[in-house]
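J.: Structure in structure tokens, see below.
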Amino acid sequence: MTKLEFPGSALTTDQWEQIGRLATSLSQEQAIWISGYFAGLSHQARAGTISADVLEQLAPPSRSVPGEAPATRLLTVLFGSETGNSRALAKSLAEEARAKGIQVQLADMADYKTRRLKDEQDLFVIASTHGEGDAPQTAVGFFEFLESRKAPKLPQLRYAVLALGDSTYERYCEAGKRIDRRLEELGAQRLVDRVDCDVDYEDAAAAWMTASVAKLAPAAQKSTSVAASVAGAQSDAPAAPAFDKKHPFQAAVIDNIVLTGRGSSKETRHIELSLADSGLTYQPGDALGVMPRNDPTLVAALLERLGLSADASVTVKQNATTLGEALAGAFEITALTPRFLDHWAEITGTAELQALRGADHAEARAAFQHNHHILDVVSKFPARGIDAAQFVAGLRPLQPRLYSIASSLAAAPEEAHLTVSTVRYALHDLPRTGVASGYLAARAEADATVPVYIQANDHFHLPDDDVPILMVGAGTGVAPYRAFMQEREVRGASGRSWLFFGERNFRSDFLYQVEWQELLKNGVLSRLDLAFSRDAAPKTYVQDRLRRQGRDVYAWLEEGAYLYVCGDAAHMAPDVHAALTDIIVEHGGLDREGASAYLSTLQRDRRYRLDVY
Amino acid sequence: MDVKTQPDRSRDVSQPLDKLGPDETLKANSDYLRGTIKQSLVDDVTAAVTASDAKLMKFFGIYQQDDRDIRDERRRQKLEAAFSFMARVRLPGGVCSPSQWLKLDALGRAYGGDTLRLTTRQTFQLHRIMKHDLRAVIQGLREVLLDTKAACGDDTRGVMCTVNPNLSKLHAEVYALAKRASDHAVHRTGAYGEIWYGAERQETDGPEEPFYGRTYMPRKFKIGFAIPPSNDIDVYSQDLGLIAIARRGKLRGFNVAIGGGLGRTDQAPKTYPRLASVIGYVDADKLFPVIDAVMSVQRDYGDRLDRLHARFKYTIDDKGLDWIKAEIERRLGCALAPAQPYSFTSNGDPLGWTKGEDGREHCTLFIQNGRIVNTPERATMDGLRAIAGIHKGTFRITPNQSLIISDIAPEDRPAIEALMREYGLDEFETRSALRLNSMACVALPTCGLAMAESERYLPDLVTKIEAILDTHGLTDEPITIRMTGCPNGCARPYIAEIGLTGRAPGKYNLYLGGGFHGQRLNKMYLENVGEDAILEALDKTLGHYARDRKPGERFGDFTIRAGYVAEVKEGRFFND
Ligand code: SRM
Ligand SMILES: Cc1cc2nc3c(=O)[nH]c(=O)nc-3n(C[C@H](O)[C@H](O)[C@H](O)COP(=O)(O)OP(=O)(O)OC[C@H]3O[C@@H](n4cnc5c(N)ncnc54)[C@H](O)[C@@H]3O)c2cc1C
Ligand SMILES: Cc1cc2nc3c(=O)[nH]c(=O)nc-3n(C[C@H](O)[C@H](O)[C@H](O)COP(=O)(O)O)c2cc1C
Ligand code: SF4
């Protein structure tokens, strides 16, 4: 390879001579490799995450010489997120640290190279909990490694953990707790105590971040080019729209119809919302956040039990408002939280409630939480003469609910369609409805407006048009697949598609039946397998249909198909996973371990994607 | 027209398929009705079958339908229509055994929406059967030696036979022939056994359909046997009507009547109901040759281009009755004898108990519109199941959708009567004669062709008319009233003294002047009117009838004499 002309001010003369010397000594291949390497390096830098392979190359041989410490300490902010909260927090944490001149890398557990762990110096982890106390889908691989025997001892590591969760769940912030516990076991040093955040995590998280960053700041060195280049972190994230979770868009309801036919044991609705003039865009697979309002009759019932007036004034987030409005639009007033239990125990001083407090009563508390709503507690243990402020002090802010978007902008411009199953059940002989699904069922009639925002769902998007896709969904789990098919139809995508759909009864619960029939006819949908559990004994579910088609399912996977699973997290997802394992054992000639390895690889390659709730 | 000179053959089976209607191609290419029915039955993405399979399945007595009450609602819910199937049993002469009844009852409860329907052609229909239950139903029928062959489709429909219980011997003789006629004329394709019983396909030596060929008949073809003096089967509405001629209670032969048919289409003057023309007499031993001759003439000359013009009645009026008669005689190899004298007195049912000449007892029950179902007022379905449980004789379904518990030994009568009382099945005595002579077709919600209510509406309308009858003292006057939900005429409305055919929800044509024993078509008196106009017209005409009728004069005859409607002498002039 020949020497180049001096390019000018981009490099120092010294650097230039080094390169010159290097260039002459390089073979063709080496030269190509190096150019690729530098390209990769700068790309990674721009992308804001330094992946392990690059790092390992960054580290010169000399570095592994024992005793020799690296020039500066490097902070890695590692997040595990499913619905984006932890990711967002991690980003601002990275910013905050960088502002303090700390050298930072932002990393997602989804593609974090676990080999790196042993070289980490400072590690701040932000992780949410999903399923039943599980790690976020995309982080499962990381958790497996960390909790396995393969995990290295980490004496040199300093760390801090922020756990996101929801206190109405029995296993509150479990994922974060697991990481915190495990890092300690591996010999790492806890810099700051773990903080568990409820769904109103903003303030608690902010405090934790400041505290954690403060611990490092003194040690901070001058920032390096790598750290600096992290500035444009997360370039893959779309430009932030005018409307977001904090500032939802008032979407007009275009249509709201019941999809389930007469005699159905369920009520599932199709709701069409207008995004006109919002500038909001989304991709098939994304979700819509809906900010509900509480049921007015429930608000009235609460006020009546509390003996408080709707007009009583309270302040919410520094704003004065009426109690009636606050209960309707600002706070969760159904499900019970430990926070409210403690609060009410103190106010009423009831022994029975006192007995539920503290870590060692977690189980009893969970059981109590499950069959008592706030209304029930307030009725059962009345508090004489409490005022509005006292009451709301025990409540947490009303949370938006997420719904998979069931339409594609390509097919329905400026619209977002939802498939919502109304949560109805009875507690203490009183009919109860889910806050958001009940709100959408009862009060989202045509022309009303619903506050919404887009919740990107990067790990559940469509692959290239020519890639075959397997879609498994029960109940409202088909929602994103309707979006997928609309998108692929408009794009004239060539890839095959195969839907496995399950519900209770063919006659009443075959959601979007005529649309699937049409898609089959015109070939956009290649195959459709159905499981209606209540039509015939023995009950059949999607996983049974998968097994029955095992050979073809395996063939599709071998041909590079992407596998999507959406819907019920508690039963369907695990059952489907088990079925897939059996299929791979039977048709892939692997043992169980090999099969689950096969699936983990699919998951790591982002070809096995879940969106379960 | 002279026999030798060939008539116009541009629209019949002699033409290549591409010159005929699409249904002819469908039949010809269906491999003797197999089509893709087997595949359609296992397609679990839809509760329906393909459009062409739906047509072919009619030949097996099965109609695809949907619940029209919720059709629109489901469309909005993005759900396909609530498809289900109606299965019509082949039951010549309407005679069935108690064990057959019990099986039908069980099938109706298991797969047919807890109901059975007695039809105007003396058989059962099961409604609301799901696609995946069809085989179970048809195999269940097979267990009691019943099938649904040719109960619909372009072939010979259910063969009717007067139920007249009094003339036991004669009935037995004629009924036996009706049954044989049905077995003789039914299609032979192995498709039925393959599709519904899962039988292996057999290689047939010779053609699979010796008589019909690949394209079957141009349209449905109906055969009925009448035993005077009862014309309960409305012999003049049959494509081929056979009027039993007996001497001293012994069957000798039949007068042959051809070209009956009632179906018509509104605003299509070329379509009209037509009463059969009596063309002669044959001895009983010539019966089957005559059936073959008549059917083959329609098979070969019937219109296969336009299904609205494909029934035998139009073939006859196009080619001329004389030419058709000559062609029949040519194929028969001999001339028909002149028609023998006979006379009918009514086309209704003699309700209640009668004793046959053989001393056996029979009880005719009034089943409103043939609907067998349990209602809060009356557990008809349970009651009849109980009776079938102890009955040793037979059941006979009447052409007026009613039911005869037949051949009861005198000593068994009390037990049956007790059950009738227990289940309130004996209340027919208390009803008006008009109601007892009323018939309504099925119509909504199952019938795909219905334009208005019929079965679900006529009972209420009759209640309102009964008030009028009371004021005019006509409550016990037998008057025939028949309603259909569309002009197709399934309840034979065009030969009723009061006929009502649906035009739109709540709107009907009102016809007056039909012959009491089915001998004369009625004539449209009011077109496309609602209930008020109907009641007003009936109040006027019935009131006038009550005042000015001659002794023994029938309401139908009176409306013509009084000039409310003109007499229709021939179907061709029905629309004039
Ligand atoms: C059940 C029954 C009426 C009843 O309430 O009992 C009936 C019911 C139907 N008839 Fe009929 N017809 C019934 C006796 C008749 C009669 C009376 C008779 O045959 O004595 C007629 C008039 C005589 C005639 O054929 O001309 C009759 C003339 C029709 C027509 C008109 C035929 C024509 O030539 O224009 C149709 C429509 C068609 O065939 O295109 C029809 C069609 C139908 C269908 C199958 C509608 C369809 O084609 O989709 C109806 C099913 C409704 C349902 O949900 O059950 N049905 N149909 C009768 C069953 C008889 C049987 O057991 O086979
Ligand atoms: C990414 C994502 C996508 C989603 N997509 C969809 C979608 O497409 N369609 C859809 O319908 N939903 C979807 N969901 C679920 C949705 O977000 C809401 O969780 C759901 O609608 C219930 O919310 P709610 O406010 O109506 O009920 P809530 O008021 O939140 O009540 C739900 C809670 O009620 C309690 N509960 C329920 N039944 C009983 C019982 N029998 N006894 C006692 N307590 C009970 C439980 O604590 C349960 O958690 C999705 C969720 C996620 C995370
Ligand atoms: C389907 C689902 C299941 C959840 N399960 C739990 C749980 O078991 N325990 C818990 O503490 N929080 C649970 N959460 C609450 C989330 O952890 C909480 O919403 C968090 O803010 C999500 O953060 P993320 O957007 O970074 O994933 C669950 C949330 C969802 C949507
Ligand atoms: S007359 Fe019309 S509405 Fe009534 S059953 Fe026949 S086809 Fe249906």
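The values are calculated or read from the model by the stated rules, or taken from the named source; none is laboratory data. Predicted model, so just to flag it, every value in this text is computed and none were measured. Glycine also receives a Cβ, built like all others from the backbone with ideal geometry; neighbour counts cover every protein chain displayed. Ligands, DNA and RNA are stripped out before the accessible areas are found, and what is left, the full protein with its side chains, is counted by its heavy atoms. Shrake-Rupley method; radii C 1.70, N 1.55, O 1.52, S 1.80 Å.
J.: Do the conditions hold for B:Leu461, that is, is it within 16 Å of ligand 4 (Cβ to nearest atom), assigned to a helix (DSSP H, G or I) and more than 20 Å from the chain's Cα centre (by Cα)? Give the derivation first.
T.: Values: within 16 Å of ligand 4 (Cβ to nearest atom): yes; assigned to a helix (DSSP H, G or I): yes; more than 20 Å from the chain's Cα centre (by Cα): yes.
Yes.
J.: Next question. If you scan the stretch A:558-574, which residues turn out to be closer than 13 Å to A:Gly131 by Cα, part of a loop (DSSP other than H, G, I, E, B) and either more than 16 Å from ligand 2 (Cβ to nearest atom) or open to solvent by 50 Å² or more (accessible area, probe 1.4 Å) (or both)?
T.: If the condition is that a residue be closer than 13 Å to A:Gly131 by Cα, part of a loop (DSSP other than H, G, I, E, B) and either more than 16 Å from ligand 2 (Cβ to nearest atom) or open to solvent by 50 Å² or more (accessible area, probe 1.4 Å) (or both), then A:Asp568, A:Ala570, A:His571 are the ones that fit.
J.: Those residues that are touching an Asp or Glu at 6+ places or on another chain (Cβ under 7 Å) and modelled with pLDDT under 95, I need them from the stretch A:166-186; list them, please.
T.: Of everything in the stretch A:166-186, those that are touching an Asp or Glu at 6+ places or on another chain (Cβ under 7 Å) and modelled with pLDDT under 95 turn out to be A:Asp166, A:Ser167, A:Arg171, A:Tyr172.
J.: Still on this model: For residues in the stretch A:241-260 being more than 14 Å from chain B (Cβ to nearest Cβ) and in a loop (DSSP other than H, G, I, E, B), which is surrounded by the fewest Cβ atoms within 10 Å (Cβ to Cβ)?
T.: A:Lys246
J.: Moving on to the next point. Go through the stretch B:313-356 residue by residue and tally those that are of a type in the set (Asp, Glu) and within 30 Å of B:Asp407 (Cβ to Cβ). Lay out the reasoning, then the answer.
T.: Within the stretch B:313-356, the first condition is being of a type in the set (Asp, Glu), and the residues that meet it are B:317-318, B:322, B:327, B:329, B:349.
Still in the running and within 30 Å of B:Asp407 (Cβ to Cβ): B:349.
So the answer is 1.
J.: Under 6 Å by Cβ, and 6 or more places apart or on different chains, what pairs join a residue from the stretch A:505-518 that is more than 7 Å from chain B (Cβ to nearest Cβ) with one that is among the small types (Gly, Ala, Ser)?
T.: A:Ser508/A:Gly261; A:Ser508/A:Gly263; A:Ser508/A:Ser264; A:Asp509/A:Ser264
J.: Then there's this: Run B:Arg421 past the list (1) of a type outside the set (Ser, Thr, Tyr); (2) under 25 Å from B:Met439 (Cα atoms); (3) open to solvent by 10 Å² or more (accessible area, probe 1.4 Å); (4) within 27 Å of the chain's Cα centre (by Cα) and report the number of the one that doesn't hold.
T.: If we test B:Arg421 against (1) of a type outside the set (Ser, Thr, Tyr); (2) under 25 Å from B:Met439 (Cα atoms); (3) open to solvent by 10 Å² or more (accessible area, probe 1.4 Å); (4) within 27 Å of the chain's Cα centre (by Cα), just (4) comes out false.
J.: Only one of B:Lys149, B:Lys222, B:Lys169 is under 18 Å from the mean Cα position of the chain (by Cα) and closer than 20 Å to B:Thr398 by Cβ; which? Even if it seems obvious, please write down each step before you answer.
T.: Values: B:Lys149 fails: closer than 20 Å to B:Thr398 by Cβ; B:Lys169 fails: under 18 Å from the mean Cα position of the chain (by Cα).
That would be B:Lys222, the only listed residue that is under 18 Å from the mean Cα position of the chain (by Cα) and closer than 20 Å to B:Thr398 by Cβ.
J.: I need a count of the residues in the stretch B:272-299 that are out of contact with any Lys or Arg (no Cβ under 7 Å at 6 or more places or on another chain), open to solvent by 20 Å² or more (accessible area, probe 1.4 Å) and more than 14 Å from B:Asp322 (Cα to Cα).
T.: Counting residues in the stretch B:272-299 that are out of contact with any Lys or Arg (no Cβ under 7 Å at 6 or more places or on another chain), open to solvent by 20 Å² or more (accessible area, probe 1.4 Å) and more than 14 Å from B:Asp322 (Cα to Cα) gives 7.
J.: Do any helices (runs of 4 or more DSSP H) entirely within the stretch A:308-359 hold 3 or more residues that are open to solvent by less than 50 Å² (accessible area, probe 1.4 Å), and if so, which?
T.: Filter on the stretch A:308-359 gives A:323-329, A:338-348.
J.: Inside the stretch A:95-122, can you point out the residues that are among the basic types (Lys, Arg) and open to solvent by 80 Å² or more (accessible area, probe 1.4 Å)?
T.: Hits for the stretch A:95-122 are A:Lys100, A:Arg115, A:Lys118.
J.: I'd like to know if the stretch A:532-542 contains one or more residues that are within 11 Å of chain B (Cβ to nearest Cβ), in a helix (DSSP H, G or I) and among the β-branched types (Val, Ile, Thr).
T.: no
J.: Go through the stretch B:67-86 and report how many residues are at the interface with another protein chain (Cβ under 9 Å from one of its Cβ atoms), touching a strand residue (DSSP E or B) at 6+ places or on another chain (Cβ under 9 Å) and in a loop (DSSP other than H, G, I, E, B). Full working, then the answer.
T.: Within the stretch B:67-86, the first condition is being at the interface with another protein chain (Cβ under 9 Å from one of its Cβ atoms), and the residues that meet it are B:70, B:73-80, B:82.
Applying the additional criterion that residues be touching a strand residue (DSSP E or B) at 6+ places or on another chain (Cβ under 9 Å) yields B:74, B:76-78, B:80, B:82.
Remaining after also requiring in a loop (DSSP other than H, G, I, E, B): B:77-78, B:80, B:82.
The number of residues fulfilling the criteria is 4.
J.: Here is a further query. Please verify whether the stretch A:162-180 includes one or more residues that are open to solvent by less than 20 Å² (accessible area, probe 1.4 Å) and either within 14 Å of chain B (Cβ to nearest Cβ) or more than 16 Å from ligand 3 (Cβ to nearest atom) (or both).
T.: no
J.: Look through the stretch B:102-125, keep the residues that are within 12 Å of ligand 1 (Cβ to nearest atom) and over 15 Å from the mean Cα position of the chain (by Cα), and return whichever of them is farthest from the other protein chains (Cβ to nearest Cβ).
T.: Within the stretch B:102-125, the match that is farthest from the other protein chains (Cβ to nearest Cβ) is B:Leu116.
J.: Which number in (1) at pLDDT 95 or above; (2) open to solvent by 10 Å² or more (accessible area, probe 1.4 Å); (3) in a loop (DSSP other than H, G, I, E, B) marks the one condition that B:Pro399 misses?
T.: Unmet for B:Pro399, out of (1) at pLDDT 95 or above; (2) open to solvent by 10 Å² or more (accessible area, probe 1.4 Å); (3) in a loop (DSSP other than H, G, I, E, B): (2).
J.: Just to be sure I understand, how many residues within the stretch A:575-613 are outside any helix (DSSP H, G or I), more than 16 Å from ligand 3 (Cβ to nearest atom) and open to solvent by less than 40 Å² (accessible area, probe 1.4 Å)? Write out each step before concluding.
T.: Going through the stretch A:575-613, the residues outside any helix (DSSP H, G or I) turn out to be A:589-591, A:605-613.
Subsequent filtering for residues that are more than 16 Å from ligand 3 (Cβ to nearest atom) retains A:589-591, A:605-608.
Still in the running and open to solvent by less than 40 Å² (accessible area, probe 1.4 Å): A:608.
Residues that pass the stated criteria total 1.
J.: Failed condition for B:Ile560, given (1) closer than 16 Å to B:Cys441 by Cα; (2) of a type in the set (Val, Ile, Thr); (3) away from ligand 4 (no atom under 16 Å from the Cβ), with all others met?
T.: Of (1) closer than 16 Å to B:Cys441 by Cα; (2) of a type in the set (Val, Ile, Thr); (3) away from ligand 4 (no atom under 16 Å from the Cβ), only one is false for B:Ile560: (1).
J.: With the structure loaded, tell me whether A:Gln234 is more than 14 Å from chain B (Cβ to nearest Cβ), over 30 Å from A:Pro463 (Cα atoms) and modelled with pLDDT under 90 or whether it fails that test. Show your work before the answer.
T.: Details: more than 14 Å from chain B (Cβ to nearest Cβ): yes; over 30 Å from A:Pro463 (Cα atoms): no; modelled with pLDDT under 90: yes.
Here the answer is no, as A:Gln234 does not meet what is asked.
J.: Report the residue count in the stretch B:302-315 for those that are open to solvent by less than 10 Å² (accessible area, probe 1.4 Å) and either touching a Phe, Trp or Tyr at 6+ places or on another chain (Cβ under 6 Å) or part of a helix (DSSP H, G or I) (or both).
T.: 4
J.: Could you tell me whether B:Gly448 is within 11 Å of ligand 4 (Cβ to nearest atom) and surrounded by fewer than 21 Cβ atoms within 10 Å (Cβ to Cβ)?
T.: yes
J.: Next question. I'm trying to understand the selection: among the residues of the stretch B:91-104, which are surrounded by 23 or more Cβ atoms within 10 Å (Cβ to Cβ) and not hydrophobic (A, V, I, L, M, F, W, C)?
T.: B:Pro92, B:Gly93, B:Gly94
J.: Of the residues that sit in the stretch A:266-277 and are more than 14 Å from chain B (Cβ to nearest Cβ) and at pLDDT 95 or above, which one is nearest to A:Ala444 (Cα to Cα)?
T.: A:Leu273
J.: Oh, and also: Quick check, is A:Leu525 part of a loop (DSSP other than H, G, I, E, B), under 21 Å from A:Gln543 (Cβ atoms) and within 14 Å of another protein chain (Cβ to nearest Cβ)?
T.: Yes, satisfied.
J.: Let me ask something additional. Quick check on A:Ser278: is it small (Gly, Ala, Ser) and either closer than 23 Å to A:Gly477 by Cβ or open to solvent by 30 Å² or more (accessible area, probe 1.4 Å) (or both)?
T.: No: the conditions fail for A:Ser278.
J.: Anything in the stretch B:44-65 that is open to solvent by less than 20 Å² (accessible area, probe 1.4 Å) and within 13 Å of chain A (Cβ to nearest Cβ)? List them, or say none.
T.: Once the filter is applied, which keeps residues that are open to solvent by less than 20 Å² (accessible area, probe 1.4 Å) and within 13 Å of chain A (Cβ to nearest Cβ), the stretch B:44-65 yields B:Val45, B:Ala47, B:Ala48.
J.: Taking only the stretch B:244-295 into account, find how many residues are in contact with a His (Cβ under 8 Å, 6 or more places away or on another chain) and more than 30 Å from B:Tyr511 (Cβ to Cβ).
T.: If we filter the stretch B:244-295 for residues that are in contact with a His (Cβ under 8 Å, 6 or more places away or on another chain), which is where we start, we get B:270-271, B:288, B:291.
If we keep only those that are more than 30 Å from B:Tyr511 (Cβ to Cβ) too, we end up with B:288, B:291.
Total satisfying the criteria: 2.
J.: What are the residues in the stretch A:476-501 that are open to solvent by 10 Å² or more (accessible area, probe 1.4 Å) and either closer than 20 Å to A:Tyr403 by Cβ or within 14 Å of chain B (Cβ to nearest Cβ) (or both), if any?
T.: A:Thr476, A:Arg482, A:Gln486, A:Glu487
J.: Residues of the stretch B:464-506 being assigned to a loop (DSSP other than H, G, I, E, B) and of a type in the set (A, V, I, L, M, F, W, C), which ones?
T.: Filtering the stretch B:464-506 for residues assigned to a loop (DSSP other than H, G, I, E, B) gives B:472-480, B:485-492, B:496-497, B:505-506.
Of everything in the stretch B:464-506, those that are assigned to a loop (DSSP other than H, G, I, E, B) and of a type in the set (A, V, I, L, M, F, W, C) turn out to be B:Leu474, B:Ile479, B:Cys486, B:Cys490, B:Ala491, B:Ala496.
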